Structures are given as C-alpha cells and as structure tokens.
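Undergrad: What follows is a structure written as structure tokens; I'll ask about it next.
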Amino acid sequence: MRCIMGYIVDLTVIQHELFQSARDLSAREVRPVMERHDKSGPRTRIHNDIRSFVTGTAQLTYRGNDVILEKTIDLIAQSCNSPPGSS
C-alpha cells in the first residue's frame with residue numbers, strides 16, 4: 001500500500017509542476033522536474049508521512065470512508081497547493 005500511495009502522490013505532484021505552465025513539453029524538460037522532485041525536501045516529507053500513516057493505520061476504512069484514499073488526496077492537496085518551486 002505504501003508504494004502505491006507514494007507512486008500516486010509523486011506522479012501527481014510531478015504532473016502538477018509540469019502542467020502549471022500552459023506550454024508544450026518535451027522529454028528533455030520532464031527529466032529535470034523529476035530529478036528535482038526526487039531530491040526535494042517535500043518528497044522526503046511525503047514519503048515519511050506515508051510510512052508513518054501506513055504503519056499506524058490498523059484499518060482501511062473508518063465510518064465508511066476509505067482512509068488510504070483520503071490520506072492520498074490530503075498529501076496531494078498539501079503538495080500541489082504549496083508555493084511554486086517548493087515541491
């Protein structure tokens with residue numbers, strides 16, 4: 001579960017950064033964004049948060065809500081609503 005959450009959040013954050021500007025992109029422009037994200041503090045925070053969450057979560061649903069999905073959405077919102085260049 002942890003790997004899937006990390007993949008989804010990382011991919012969404014990278015896409016968010018790429019598509020903030022409305023211009024055509026080339027593979028050459030994508031690689032630096034991916035590398036910057038891979039080495040970023042926010043990525044480390046995201047993965048530490050996921051690790052703590054998954055380790056501490058005994059159940060996948062609470063009161064009919066999918067807690068994994070809710071946490072994934074929360075991490076994406078936190079990361080994509082941060083100031084430009086900080087993700």
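The values are calculated or read from the model by the stated rules, or taken from the named source; none is laboratory data. What you see is a predicted model, and the numbers here were worked out from it, not measured in a lab. Positions of Cβ are backbone-derived with ideal geometry, glycine not excepted, and every protein chain shown enters the neighbour counts. We work out accessible area using only protein heavy atoms, side chains counted, and drop any ligands, DNA or RNA first. Shrake-Rupley method; radii C 1.70, N 1.55, O 1.52, S 1.80 Å.
Undergrad: Which residues, counting only those in segment 41-67, are of a type outside the set (A, V, I, L, M) and outside any helix (DSSP H, G or I)? Break it down into steps so the answer makes sense when it comes.
TA: Within segment 41-67, the subset of a type outside the set (A, V, I, L, M) is 41-45, 47-49, 51-53, 55-57, 59, 61-66.
Residues satisfying the conditions are Thr57, Gln59, Thr61, Tyr62, Arg63, Gly64, Asn65, Asp66.
Undergrad: Only residues that are more than 10 Å from the chain's Cα centre (by Cα) and β-branched (Val, Ile, Thr): list them for segment 12-43, please.
TA: Answer for segment 12-43, where residues must be more than 10 Å from the chain's Cα centre (by Cα) and β-branched (Val, Ile, Thr): Val30, Val33.
Undergrad: Still on this structure, I have one more. Are any of the residues in segment 56-73 surrounded by 11 or more Cβ atoms within 10 Å (Cβ to Cβ), free of Cβ contacts under 8 Å to residues at least 40 places away in the same chain and within 10 Å of the chain's Cα centre (by Cα)?
TA: Yes, some residue in segment 56-73 is surrounded by 11 or more Cβ atoms within 10 Å (Cβ to Cβ), free of Cβ contacts under 8 Å to residues at least 40 places away in the same chain and within 10 Å of the chain's Cα centre (by Cα).
Undergrad: Filter segment 11-28 for residues that are of a type outside the set (Ser, Thr, Tyr), touching a helix residue (DSSP H, G or I) at 6+ places or on another chain (Cβ under 8 Å) and surrounded by 12 or more Cβ atoms within 10 Å (Cβ to Cβ); which is nearest to Gln78 (Cα to Cα)?
TA: Val13
Undergrad: Take the residues in segment 41-55 that are touching a residue at least 40 places away in the same chain (Cβ under 8 Å) and over 15 Å from Ser79 (Cβ atoms), then tell me which one is most open to solvent (accessible area, probe 1.4 Å).
TA: Here the answer is Arg51.
Undergrad: Residue check, Met5 against (1) open to solvent by less than 80 Å² (accessible area, probe 1.4 Å); (2) at pLDDT 90 or above; (3) farther than 17 Å from Gln78 by Cα, all met but one. Which one?
TA: (3)
Undergrad: Restricting attention to segment 31-40, report how many residues are touching a residue at least 40 places away in the same chain (Cβ under 8 Å) and either closer than 15 Å to Arg2 by Cβ or assigned to a helix (DSSP H, G or I) (or both). Steps first, answer last, please.
TA: First, pick out the residues of segment 31-40 that are touching a residue at least 40 places away in the same chain (Cβ under 8 Å): 37, 40.
Now restrict to residues that are either closer than 15 Å to Arg2 by Cβ or assigned to a helix (DSSP H, G or I) (or both): 37.
Qualifying residue count, segment 31-40: 1.
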